[in-house]
Amino acid sequence: MKKVLAIVLCVALLAGLCVSLIACNGDGDDTFKIGFICLHDENSTYDKNFLDGVAEVKAKLGLTDDQIIIKKNIPESNDCYVAAAELADAGCDIVFANSFGHEKHILKAAKEFPEVQFCHATGTMAHTENVANFHNAFASIYEGRYLAGVAAGVKLQEMMAADNTVVPKIGYVGAYTYAEVVSGYTSFYLGVKSIVSNVTMEVQFTGSWYDEIEEKNAANALINNGCVLISQHADSWGAPTACETAGVPNVSYNGSTKSACPNTFIISSRINWAPYYEYIINQVKNGEAIATDWTGTIATGSVVLTDLNEDAYASATTAAAAKTAINTAKANLQNGSLKVFATDTFTVDGQALTSYKADVDTDDAFTPDTEVIVNGYFDESAKRSAPYFDINIDGITLLNTKF
Amino acid sequence: MADTTKKNPLVRISKRSDIKGWKAMGIRAIAFVIALLIVGVVSTATVGGDIIKIYTTLFIGNLMTQRTVWALLESIAFLLLVSLAVTPAFKMRFWNIGAEGQTLMGVLGAAMIVNYLGGKIPEPALLLLMFATSIIFAAVWAVVPALFKAYFNTNETLFTLMMNYVAIQLVKFFIQAWSGKGNTGSKDFNYGYLPKIGGNEYLLGILIVVVITVLVTIYLKRSKHGYELSVVGESENTARYIGINVKAVIIRTMILSGVLCGVLGFILFGKSANLYETAAGGRGFTAILVSWLAKFNPIYMVGTSSLVAFLQSGAKRAGDLYSAGKFFTDLTVGIFFFCIIASEFFINYTVKFRKKTQKIISEVAIEEKVEEVNE
């Protein structure tokens, strides 16, 4: 009788095949379509941030449900290639993937489907691979983190003014010890330092982009170590909620965590992907080329801050002062008079940095290949969109490293 | 006494083994339809989509293009291979739930060769070495619990389960060791891709599984080994009495399980030349169900793995319609599993409901009648 089951199933499969051969003739439409590949789903703040951007651009450009296909929970494996190929088969004009490890698989798909544009966030290979329909994109998020650091600096100043026993030591929960995270916490630290010049910072890495328990533990460890303000670069709500429980102010990332942390959430920087989506969609619709390596900025609307949570400050006066400080710094970043990584604001082993070669062109050995100190500042995100600032500066102590 | 009725239980359940084939299929079909209805209700409640669209995608979504058909056949083949791997052990009542870890060790074995020898030796030699290492790694992972079971009678279910986690940690360790500064949780390689047959990247893996299916069927049904392991499964004492070396059978069978998982690990690595901790993709666990549903028969397993893989990827596509992500897939497949497993209950047991209250002649009633007669 099980044999019957097997036969029935096989027949059903074959019947389905025939139906499909008839059915699949109908997809030769020329309406614009875009496909998205996400590593996780909305439960990850990282992916939610990309998906929020999709919703924004969908509303702005008036795209229909049928024009957007989103594939979630796609691992960094052959599954990613399959997902990309299926999106291309489904008639997508653009396929966008959001995780660093997707890159190799997207590149494979790009070579197979030259008529489809493949855009990959956080990747590093487009500027050396020379595959015409393969593109990287990122944003100068270090500027956003710097501004969030300014807001934190004002809070720290307020805490020190209220209680002269407060030691200006802050903490940072990072995922891994590599450039994207190093660039992020260093810019955050320099933002705080622009307000409180004697601030120091401790960094604890979790070794995972998403591990709520570990992030919570790391935040608590830092708090127990005497850190009076915490920020993080990891994707769960672990660190922010630990801060709320402990009553320690927190600067978030990827979006507001105010709903769960009404008293301790200060501000959050995030990359808004909607401007990039809008850009690539318009380029394709107009038949124009997409930049090989695109860096979003404050000016393009890619680097944004959430509203400042005034409740995190003891008085409305300091909250207002924080807003003013952010606006001033933002204006100066935009007019170029302020550089986040200006070499006169930090030292490395007691020395100012005059020359540094970063690993900009990807290779297995991480060979430093490009001089990145120009005109007295470390020129982050200019040689390629993905961050490459990976220097340990004075004032920041790494409690562990996780590669 | 006025109350002369005795209460019968509302439902009576009794074992049956004589159910007719058409009736069993009918029960399964009903379970399938019920599952479909529940999926309909649940998907309306969660993603709120168009039911008809979800149903059609669930069934023909897998068959829309050549690529999706090939991908489906491949996922059936992979699931079938792990199911075949766990089956010999299951037949001797050795509950190996470590196929996930064994497969992962196979992937790690291939990665190890590619990491150290990729690009340094000719590709055919590289592939052969990868194949051998995959098999050895996976077999070692399977034989350790088998040795402990054979000599110390440890609980194999817990042991094999634990070995999964050790394998995952080992993979994580090597990813970090090999990636150095650039660890992103997965390690990519440039060598060790499986050759394509006529430009088709799915065919080779599928063919390997077809051959293995035939071999395992013959092994289980026609060989002395196959007979021995079913005797061990029925009764270890009987096996011992008729002179079967039970320890040897346990160890030998688990090595076979490991080897088959190793083959899958090799193929999985060869698909994309990368190492990551979820490379086995949960197949090691799904395979338990596939094997059990097929009553440990390799031929039926072709059917059950097709059904499960078909539902899994169909549900994934249906979820994509509404950007629902993984939860929708898991939920849908879970509903089907639940209903199908429940249907097995109704096949193996007969359920009788109490008919309308039966009057039972109680002792009192009999006494009354006797009195009547006497008068």
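Each value in this text was obtained by applying a stated rule to the coordinates, not by laboratory testing. Predicted model, so just to flag it, every value in this text is computed and none were measured. Heads up, the Cβs are rebuilt from the backbone with ideal geometry, glycines too, and the neighbour counts pull from every protein chain shown.
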Conditions: (1) more than 10 Å from every other protein chain (Cβ to nearest Cβ); (2) in a helix (DSSP H, G or I); (3) not hydroxyl-bearing (Ser, Thr, Tyr). A:VAL95 meets all but one. Number of the miss?
(2)
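At least 3 residues that are farther than 24 Å from B:PHE173 by Cβ in each: list the helices (runs of 4 or more DSSP H) lying fully within region B:63-152 that qualify.
Once the helices (runs of 4 or more DSSP H) in region B:63-152 are filtered for at least 3 residues that are farther than 24 Å from B:PHE173 by Cβ, what remains is B:66-91, B:123-152.
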Is it the case that some residue within region B:236-251 is of a type in the set (Ser, Thr, Tyr), away from every other protein chain (no Cβ under 14 Å), outside any helix (DSSP H, G or I) and more than 23 Å from the chain's Cα centre (by Cα)?
no
Counting only strands (runs of 3 or more DSSP E) entirely within region A:158-237, those with at least 1 residues that are surrounded by fewer than 24 Cβ atoms within 10 Å (Cβ to Cβ) and not hydrophobic (A, V, I, L, M, F, W, C) are A:169-174, A:200-205
By residue number, the members of region B:256-298 that are within 20 Å of B:VAL214 (Cβ to Cβ) and among the β-branched types (Val, Ile, Thr) are B:VAL259, B:VAL263, B:ILE267, B:VAL290
From the set of residues in region B:278-292 that are crowded, with 23+ Cβ neighbours inside 10 Å, among the aliphatic types (A, V, I, L, M) and assigned to a helix (DSSP H, G or I), which is farthest from the other protein chains (Cβ to nearest Cβ)?
B:ALA287
Taking region B:26-64, which residues are crowded, with 17+ Cβ neighbours inside 10 Å and without any contact (Cβ under 8 Å) to a residue 12 or more places away in the chain?
B:ILE60, B:LEU63, B:MET64
Residue count, region B:164-187, condition touching a residue at least 12 places away in the same chain (Cβ under 8 Å), within 14 Å of another protein chain (Cβ to nearest Cβ) and either touching a helix residue (DSSP H, G or I) at 6+ places or on another chain (Cβ under 6 Å) or of a type in the set (D, E, K, R) (or both), comes to 5
Does region B:188-200 contain at least one residue that is small (Gly, Ala, Ser) and in contact (Cβ under 8 Å) with a residue 12 or more places away in the chain?
yes
If only one of B:LEU79, B:LEU108, B:LEU73 is buried (at least 16 other Cβ atoms within 10 Å of the Cβ) and either among the basic types (Lys, Arg) or touching a Leu at 6+ places or on another chain (Cβ under 8 Å) (or both), which one is it?
B:LEU108
Taking the options A:THR345, A:THR362, name whichever one is crowded, with 18+ Cβ neighbours inside 10 Å, touching a helix residue (DSSP H, G or I) at 6+ places or on another chain (Cβ under 9 Å) and of a type outside the set (A, V, I, L, M).
A:THR362
Residues being crowded, with 18+ Cβ neighbours inside 10 Å and either outside any helix (DSSP H, G or I) or β-branched (Val, Ile, Thr) (or both): count how many of those fall in region B:316-346.
9
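Given the criteria farther than 30 Å from B:THR350 by Cβ, within 13 Å of another protein chain (Cβ to nearest Cβ), part of a helix (DSSP H, G or I) and among the β-branched types (Val, Ile, Thr), does B:ILE60 qualify?
Criteria met by B:ILE60.
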